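Peer 1: The structure follows.
The values are calculated or read from the model by the stated rules, or taken from the named source; none is laboratory data. All values derive from a computational prediction rather than experimental measurement. Heads up, the Cβs are rebuilt from the backbone with ideal geometry, glycines too, and the neighbour counts pull from every protein chain shown.
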2 protein chains.
Amino acid sequence: MENKITSLFKIKYPIIQGGMVWCSGWRLVSAVSNAGGLGLLGAGSMYPEVLREHIIKTKQATDKPFGVNVPLLYPDIDALMKIIVDEEIKIVFTSAGNPKTWTNFLHDKGITVAHVVSSSKFAKKCEDAGVDAVVAEGFEAGGHNGREETTTLTLIPHVRNAISLPLIAAGGIATGNAMLAAITLGADGVQIGTRFAMSAESSASNEFKNLCCSLNEGDTMLCLKKISPTRMIKNNFYNLIEQAEARGATADELKEILGRARSKKGIFEGDMTDGELEIGQIASFVKKISTVHEIIDEIVNEFNGTLKNISGIKL
Amino acid sequence: MENKITSLFKIKYPIIQGGMVWCSGWRLVSAVSNAGGLGLLGAGSMYPEVLREHIIKTKQATDKPFGVNVPLLYPDIDALMKIIVDEEIKIVFTSAGNPKTWTNFLHDKGITVAHVVSSSKFAKKCEDAGVDAVVAEGFEAGGHNGREETTTLTLIPHVRNAISLPLIAAGGIATGNAMLAAITLGADGVQIGTRFAMSAESSASNEFKNLCCSLNEGDTMLCLKKISPTRMIKNNFYNLIEQAEARGATADELKEILGRARSKKGIFEGDMTDGELEIGQIASFVKKISTVHEIIDEIVNEFNGTLKNISGIKL
C-alpha cells in the first residue's frame, strides 16, 4: 500500500505509534519503525537530555524513519526543540497547543510536522498553520482528550470534510478491523497508542501492562473535566477524583488531589493504587502483552483478511 | 445483499430505523419499511391506544415488515404488550430493561425479538434469554445511554466476540461510510436514529429538526449521569443541568430540575429553550432535512461506492 501517509513519512504501513508518556522510549520506537510503522518518542515524559539519549539509542537500533511527539505545553520547550534540531530529527508530532507556534520553525529546519487535534475546527487551524498532516483523536483515546467528547467514529468524517491534508485517525484503534474502519471513514492512516503501550517493548511497568490486560468494558473513564479531560483506569486514585467531582469539587481542589508526577508513579513505577493510569478505552479488548512485531503482523493480516471478506458485498 | 439481519426481518437492506420517542410515528416507520429498511414505531412516547392507532396507520401505508420499540420501563407495559399481540405485530425491539422478562411471552406469540444493550455483558444476557438479535449502542448515541461510556468503535468488536447472535451496530451511524465501518467491525447491520429523527417524515417539530441541522461538534453532551445518562443538545435546559452537576447536585435535585415531559416539550412541541433535546453526536454531520427515500439511497450508494474504492487496498 502506498498512500499520502506512507509517502509523507517514507514508511511501509500507514501505522503510527502514539508518542505516549512513560511508554515510548527507544525500544518501542525502534521496534515499530523496524516493523514498517512510524515510531514516535514521547518527549512529554523526558527531560531534554533524556530525550537526546533516547534519540541516539533509537538511531543505533533502527535505520528507518522515526519521530518525536512534543506536547507544546512542555515547560522547557526551547531546550527540547534545540535537541530535536541538533540531533537532526526529521519528523515531529506536536499536540496540546497552537500549531502555529512551532510549525514554521520546524519547517525551516526541514522537519515534517503533524499536529494532534480533537475537532475539525482545530484541524482547519492546522491547515492554516501549514502543518503536513493531522492526527484526529476521538473520545475513546487514553490520557488527555478533547472537551467536545467527539468519538472517533463521529470525528473522522468531520475532519475529512474540513481539510485536504493527510489524515491520521486515533482513539479506539488496536486491530486491523478498526484500522480498516478508520480508512472507510476517510482516514489515510492510523495512530495506535494503547496497543503499543501494552507491548513487550513499551517502557511502562509490568504492573501497568498486566492490569491493562485484565480490564473490562467501562474500566477506564474520562475525568478531571474541570482541569483537562483525561481518560484513566478506575483505581483508588480515580475513585478519589470521582468522589470529589460528584460533590462538586473546584478545579483547585482537583489539582490538589492530582498533585504531581501521578502518571509516572502509576505507569512507569507500577503503583496501581495511587498512580494515574492513563490508557485508552480499547485496552479492554487487548488481552495479552505481545511484541511489536506480532502486533503489526496481526493488524496487517486482519486488515487484509477482512477487506477480502467484505469485498464481495453489495447493498 | 442477503445476511443474518435481512433474512431475520425479511428486509432488503440491513438498516433499522431506531424507534425514538417523539420522532417515530407511522409516517417515518412506513417510509423506512417502504424504502427497504426496517421501520420501528417508538412506543416509549405513546399511550397504548395511540400505539394502536399508529400500528393501524402503518399497516395501511406499507405492506413491508415493520416493528415496535418498547422500553421495558414503560409504566403500563402490560397494556402495550396486549396491543402488540392483538394487532399481530411480528417484530419487537426491547430496551432499557431485562431481556428475560418478555422474550418468552413474545416468542410464544410468534414475535421476533431484538434487545438493545451497551455492553457485551448484557449482550450475553440477551443470548441467554433467547432473543433473536442484539442492538449494541455506543456512547455517541442520542438519548438514554450506557454507564460504561463505551463508544461504538470499541463496543462492536467486544459484542461480536461475546455472542454469535445477529448483531446490529448503533450510535454515530448516519452515512454509508459509517455503515461500512460497522460491518468491518463485525456488525451484520446498523440501527440509525439521528439521521431519521431529522428526516422529513419524522414527527419531531421543525424547530427541533432545524436546530439539529445547525449543530457543530461538541453541541450535544452526555449528562444526568446520577440519574440515567442521557445525550442531549446544549440548550438553556442543558445549562441548568450542567451547572447543577458542576456544583455537586444530588440525583433528587436533578430529578426536580428535569421535571416531567421535557423531551415532549422539546422534540415534539418545539420548545428549543426549555425542552430536553435528545439527539446523537452525529447530528452535527447532518446538514439538511431529507426524505427517508433520499437518506436510504445516499447510504446505499455511499456504502457501495466506498467499498468499491477501498477494495484494491492491500497492506
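Peer 1: Just checking, which of A:303, A:285 is touching a Gly at 6+ places or on another chain (Cβ under 7 Å) and of a type in the set (Phe, Trp, Tyr)? Break it down stepwise before answering.
Peer 2: On the way: A:285 fails: touching a Gly at 6+ places or on another chain (Cβ under 7 Å).
Of the residues listed, the single one that is touching a Gly at 6+ places or on another chain (Cβ under 7 Å) and of a type in the set (Phe, Trp, Tyr) is A:303.
Peer 1: I'm trying to understand the selection: among the residues of the stretch B:81-94, which are surrounded by fewer than 22 Cβ atoms within 10 Å (Cβ to Cβ), at negative phi and more than 19 Å from the chain's Cα centre (by Cα)?
Peer 2: So in the stretch B:81-94, the residues surrounded by fewer than 22 Cβ atoms within 10 Å (Cβ to Cβ) come out as B:82-83, B:85-88, B:90.
Now restrict to residues that are at negative phi: B:82-83, B:85-87, B:90.
Matches in the stretch B:81-94: B:82, B:83, B:85, B:86, B:87.
Peer 1: Which condition number does residue B:133 fail, the rest of (1) away from chain A (no Cβ under 14 Å); (2) crowded, with 24+ Cβ neighbours inside 10 Å; (3) under 30 Å from residue A:306 (Cα atoms) being met?
Peer 2: Here residue B:133 clears every test but (2).
Peer 1: Do you know which residues across the stretch A:219-253 are farther than 18 Å from residue A:267 by Cα, in contact (Cβ under 8 Å) with a residue 24 or more places away in the chain and within 11 Å of chain B (Cβ to nearest Cβ)?
Peer 2: Result: A:225, A:226, A:250, A:251.
Peer 1: Residue under question is residue A:111, and the condition is that it be away from every other protein chain (no Cβ under 12 Å) and under 29 Å from residue A:261 (Cα atoms); does it hold?
Peer 2: In short, no.
Peer 1: How many residues are assigned to a helix (DSSP H, G or I) and under 15 Å from residue A:90 (Cβ atoms) if we restrict to the stretch A:7-29?
Peer 2: Number of matching residues: 4.
Peer 1: Let me ask something else. Of the residues B:228, B:203, which is within 20 Å of residue B:95 (Cβ to Cβ) and touching a Leu at 6+ places or on another chain (Cβ under 7 Å)?
Peer 2: Exactly one of B:228, B:203 is within 20 Å of residue B:95 (Cβ to Cβ) and touching a Leu at 6+ places or on another chain (Cβ under 7 Å), namely B:203.
Peer 1: Can you name every residue in the stretch A:53-70 that is touching a Ser or Thr at 6+ places or on another chain (Cβ under 6 Å) and either part of a loop (DSSP other than H, G, I, E, B) or surrounded by 21 or more Cβ atoms within 10 Å (Cβ to Cβ) (or both)?
Peer 2: Within the stretch A:53-70, A:58, A:62, A:64, A:66, A:70 qualify.
Peer 1: In the stretch B:236-257, is there at least one residue being under 30 Å from residue B:36 (Cα atoms) and modelled with pLDDT of 95 or more?
Peer 2: Among the residues of the stretch B:236-257, not one is under 30 Å from residue B:36 (Cα atoms) and modelled with pLDDT of 95 or more, which makes the answer no.
Peer 1: Looking at (1) touching a residue at least 24 places away in the same chain (Cβ under 8 Å); (2) under 26 Å from residue B:266 (Cβ atoms); (3) surrounded by fewer than 15 Cβ atoms within 10 Å (Cβ to Cβ), which one does residue B:39 not meet, given that it meets all the others?
Peer 2: Going through the list (1) touching a residue at least 24 places away in the same chain (Cβ under 8 Å); (2) under 26 Å from residue B:266 (Cβ atoms); (3) surrounded by fewer than 15 Cβ atoms within 10 Å (Cβ to Cβ), residue B:39 breaks only (3).
Peer 1: Looking at residue B:88, is it free of Cβ contacts under 8 Å to residues at least 12 places away in the same chain and assigned by TED's automatic domain parsing to the domain that holds residue B:154?
Peer 2: yes
Peer 1: Just to be sure before I move on: is residue B:239 closer than 24 Å to residue A:252 by Cα and of a type in the set (S, T, N, Q) in the structure I sent?
Peer 2: When the stated conditions are applied, residue B:239 passes them.
Peer 1: Of the residues that make up the stretch B:284-300, is at least one polar (S, T, N, Q), assigned to a loop (DSSP other than H, G, I, E, B) and more than 11 Å from chain A (Cβ to nearest Cβ)? So that I can check it myself, show each step before the final result.
Peer 2: Going through the stretch B:284-300, the residues polar (S, T, N, Q) turn out to be B:284, B:290-291.
Narrowing the set further to residues that are assigned to a loop (DSSP other than H, G, I, E, B) leaves B:290-291.
Retained after the next criterion (residues that are more than 11 Å from chain A (Cβ to nearest Cβ)): B:290-291.
Yes, the stretch B:284-300 contains at least one residue that is polar (S, T, N, Q), assigned to a loop (DSSP other than H, G, I, E, B) and more than 11 Å from chain A (Cβ to nearest Cβ).
Peer 1: Can you confirm whether the stretch A:105-115 contains a residue that is surrounded by fewer than 21 Cβ atoms within 10 Å (Cβ to Cβ), of a type in the set (Phe, Trp, Tyr) and assigned by TED's automatic domain parsing to the domain that holds residue A:170?
Peer 2: yes
Peer 1: Now for a different question. Counting only residues that are more than 9 Å from chain B (Cβ to nearest Cβ) and either closer than 20 Å to residue B:156 by Cα or over 18 Å from the mean Cα position of the chain (by Cα) (or both), how many does the stretch A:267-283 have?
Peer 2: 9
Peer 1: In this structure, does residue B:211 turn out to be of a type in the set (A, V, I, L, M), within 15 Å of residue B:174 (Cβ to Cβ) and either away from chain A (no Cβ under 13 Å) or assigned to a loop (DSSP other than H, G, I, E, B) (or both)?
Peer 2: When the stated conditions are applied, residue B:211 does not pass them.
Peer 1: Restricting the stretch B:139-155 to residues that are within 9 Å of chain A (Cβ to nearest Cβ) and out of contact with any Ser or Thr (no Cβ under 6 Å at 6 or more places or on another chain), which is surrounded by the fewest Cβ atoms within 10 Å (Cβ to Cβ)?
Peer 2: Ranking the qualifying residues of the stretch B:139-155, first place goes to B:147.
Peer 1: Sticking with this structure for a sec: Quick test of your reading of the structure: residue A:168 fulfils all but one of (1) surrounded by fewer than 24 Cβ atoms within 10 Å (Cβ to Cβ); (2) within 27 Å of residue A:125 (Cα to Cα); (3) aliphatic (A, V, I, L, M); (4) away from chain B (no Cβ under 11 Å). Name the failing condition by number.
Peer 2: All conditions are met except number (1).
Peer 1: Another question about this same structure. Scan B:295, B:267, B:299 and give me the residue that is modelled with pLDDT of 95 or more, surrounded by 15 or more Cβ atoms within 10 Å (Cβ to Cβ) and outside the structural domain of residue B:33 (by TED's automatic domain parsing).
Peer 2: The match here is B:267.
Peer 1: Answer yes or no as to whether residue B:237 is of a type outside the set (Gly, Ala, Ser), part of a helix (DSSP H, G or I) and in the same structural domain as residue B:23 (by TED's automatic domain parsing).
Peer 2: Details: of a type outside the set (Gly, Ala, Ser): yes; part of a helix (DSSP H, G or I): yes; in the same structural domain as residue B:23 (by TED's automatic domain parsing): no.
The answer is no for residue B:237.
Peer 1: A further question on this structure: Among B:233, B:267, which is more than 26 Å from residue A:248 (Cα to Cα) and in contact with a strand residue (DSSP E or B) (Cβ under 7 Å, 6 or more places away or on another chain)?
Peer 2: Working: B:233 fails: more than 26 Å from residue A:248 (Cα to Cα).
Testing whether each residue is more than 26 Å from residue A:248 (Cα to Cα) and in contact with a strand residue (DSSP E or B) (Cβ under 7 Å, 6 or more places away or on another chain) leaves just B:267.
Peer 1: From the list B:79, B:61, exactly one residue is in the same structural domain as residue B:12 (by TED's automatic domain parsing) and within 14 Å of residue B:30 (Cα to Cα). Which is it?
Peer 2: The match here is B:61.
Peer 1: Continuing with this model, one more query. May I ask you to verify whether residue B:273 is of a type outside the set (D, E, K, R), surrounded by 18 or more Cβ atoms within 10 Å (Cβ to Cβ), in contact with a helix residue (DSSP H, G or I) (Cβ under 9 Å, 6 or more places away or on another chain) and modelled with pLDDT of 95 or more?
Peer 2: So residue B:273 fails the test.
Peer 1: Which residue out of A:224, A:254, A:215, A:211 is on the phi > 0 side of the Ramachandran plot and surrounded by 18 or more Cβ atoms within 10 Å (Cβ to Cβ)?
Peer 2: Working: A:254 fails: on the phi > 0 side of the Ramachandran plot; A:215 fails: on the phi > 0 side of the Ramachandran plot; A:211 fails: on the phi > 0 side of the Ramachandran plot.
Exactly one of A:224, A:254, A:215, A:211 is on the phi > 0 side of the Ramachandran plot and surrounded by 18 or more Cβ atoms within 10 Å (Cβ to Cβ), namely A:224.
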